[in-house]
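Below are the structure tokens for one structure; questions will follow.
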Amino acid sequence: MDPNVVFILEVIGTVTFAFSGAYVAINQDLDWLGIMLMACCTACGGGMTRDVIIDNTPANLFKNPTYVAMAAVVAFITIAIYKPLMQHEKRKTIMFVIDSLDAVGLAIFTVVGMQVAIGQGFGENAFLVCFCGALSAVGGGLLRDIMVNRTPLILSKEIYATATIPGAILYYYLPNMVGELPACVIALVVIFAIRMWAIINKKNLPMVEKIIVD
């Protein structure tokens, strides 16, 4: 894929995930430093973990700190707009837009993570490539939730990580059939559509009913 296209996708994903991290941090009563760290962790943590697994060291966030800088800037913007955002009469609509942007980030980082794994020479390993895509997309949020001592949302609320799986599989196998760019677009749309369907309909994966024994 064209490096410029990859960069644009990474910027969009970084901004949306950084906002998500900063928003959670504010609601968890963290200070400004904590908010900035949470924004950076959410935006870059998944990619960092992926890079460690595939021995792409030092991780991209250290090779190119642009993404960390972007996340930090987004954190401070979030601090500035948080209060008026929460007090706005159309807050629910705004939050829906934010969730939609998060879905965009989920799709983007899945594709970008797979690109990195393929670029490191693991293109023949379908499981590893797809895993790297999913990890890039949800790893930052997983670290974020662990840091604030709450059950990770990807394990308990709505269809999130699961949405990356069909998109990752499509992006891995479709390029030979339809070409690189169409495969990328299809994967992005599928992941985004599944995530938005889950948000709108409040759908979760099945859970086991807990039985309390006296």
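Looking at Val129, Val97, which one is in a helix (DSSP H, G or I), buried (at least 17 other Cβ atoms within 10 Å of the Cβ), over 13 Å from the mean Cα position of the chain (by Cα) and not basic (Lys, Arg)?
On the way: Val97 fails: buried (at least 17 other Cβ atoms within 10 Å of the Cβ).
On inspection, the qualifying residue turns out to be Val129.
Here is a follow-up. Among the residues of region 132-176, how many are at pLDDT 85 or above and assigned to a helix (DSSP H, G or I)?
31
Is there a residue being closer than 18 Å to Leu142 by Cβ and at pLDDT below 85 anywhere in region 25-45?
The first filter runs over region 25-45 and keeps only residues closer than 18 Å to Leu142 by Cβ, leaving 25, 27-28, 30, 34, 37-45.
Remaining after also requiring at pLDDT below 85: none.
The answer is no; no qualifying residue exists.
Just name the residue that is nearest to Val185 (Cα to Cα) out of those in region 103-130 that are free of Cβ contacts under 8 Å to residues at least 40 places away in the same chain and not small (Gly, Ala, Ser). Explain how you work it out, then say what you get.
Residues of region 103-130 free of Cβ contacts under 8 Å to residues at least 40 places away in the same chain: 118-119, 121, 123-125, 127.
Going one step further and asking which of them are not small (Gly, Ala, Ser), we end up with 118, 124-125, 127.
Working: Ile118: 18, Glu124: 22, Asn125: 22, Phe127: 21 Å.
Going through the qualifying residues, I end up with Ile118.
Next question, about the same structure. Kindly indicate whether any position in region 61-77 is out of contact with any Gly (no Cβ under 7 Å at 6 or more places or on another chain), among the aliphatic types (A, V, I, L, M) and modelled with pLDDT under 90. Talk me through it step by step, then tell me what you get.
First, the residues of region 61-77 that are out of contact with any Gly (no Cβ under 7 Å at 6 or more places or on another chain): 62-77.
Retained after the next criterion (residues that are among the aliphatic types (A, V, I, L, M)): 68-75, 77.
In the following step, the residues that additionally are modelled with pLDDT under 90 were identified as none.
No; the residues of region 61-77 include none that is out of contact with any Gly (no Cβ under 7 Å at 6 or more places or on another chain), among the aliphatic types (A, V, I, L, M) and modelled with pLDDT under 90.
Sticking with this structure for a sec: Find all pairs meeting these conditions: Cβ atoms under 7 angstrom apart; at least six residues apart or on different chains; first residue within region 32-47 and in contact (Cβ under 8 Å) with a residue 60 or more places away in the chain and under 19 Å from Phe131 (Cα atoms); second residue assigned to a helix (DSSP H, G or I) and of a type in the set (Ser, Thr, Tyr).
Thr42/Ser20; Ala43/Thr14; Ala43/Tyr67; Cys44/Tyr67; Gly46/Ser136; Gly47/Ser136
Going through region 33-80 one residue at a time, which ones are part of a helix (DSSP H, G or I) and among the β-branched types (Val, Ile, Thr)? If you could, list the steps in order and put the result at the bottom.
We begin by selecting, within region 33-80, every residue part of a helix (DSSP H, G or I); these are 33-53, 60-63, 66-80.
Correct list: Ile35, Thr42, Thr49, Val52, Ile53, Thr66, Val68, Val73, Val74, Ile77, Thr78, Ile79.
Related question: Ile194 is checked against (1) buried (at least 20 other Cβ atoms within 10 Å of the Cβ); (2) within 21 Å of Ala59 (Cβ to Cβ) and fails just one. What number does that condition carry?
Going through (1) buried (at least 20 other Cβ atoms within 10 Å of the Cβ); (2) within 21 Å of Ala59 (Cβ to Cβ) one by one, Ile194 breaks only (2).
Here is a further query. Asp99: on the phi < 0 side of the Ramachandran plot and at pLDDT below 85, yes or no? Reasoning before the result, please.
On the way: on the phi < 0 side of the Ramachandran plot: yes; at pLDDT below 85: yes.
So Asp99 passes the test.
Would it be correct to say that Leu181 is over 18 Å from Ala126 (Cα atoms) and in a loop (DSSP other than H, G, I, E, B)?
Numbers: over 18 Å from Ala126 (Cα atoms): yes; in a loop (DSSP other than H, G, I, E, B): no.
Considered against the rule, which asks whether it is over 18 Å from Ala126 (Cα atoms) and in a loop (DSSP other than H, G, I, E, B), Leu181 comes out as no.
Considering only region 92-128, state which residues are more than 25 Å from Trp197 (Cβ to Cβ) and among the β-branched types (Val, Ile, Thr). Steps first, answer last, please.
Step one: list which residues in region 92-128 are more than 25 Å from Trp197 (Cβ to Cβ), which gives 115-128.
Passing the criteria: Val116, Ile118.
Can you name the residue in region 48-66 that is under 15 Å from Gly140 (Cα atoms) and either among the small types (Gly, Ala, Ser) or free of Cβ contacts under 8 Å to residues at least 12 places away in the same chain (or both) and, of all such residues, is surrounded by the fewest Cβ atoms within 10 Å (Cβ to Cβ)?
To start, the set of residues in region 48-66 that are under 15 Å from Gly140 (Cα atoms) comprises 48-53, 59-61.
Pick out the ones that are also either among the small types (Gly, Ala, Ser) or free of Cβ contacts under 8 Å to residues at least 12 places away in the same chain (or both) and you get 52, 59.
Details: Val52: 12, Ala59: 16.
That would be Val52.
The values are calculated or read from the model by the stated rules, or taken from the named source; none is laboratory data. This structure is a prediction, so every number in the text was calculated from the model and none was measured. No Cβ is skipped: glycine too gets one built from the backbone with ideal geometry, and neighbour counts run over all protein chains shown.
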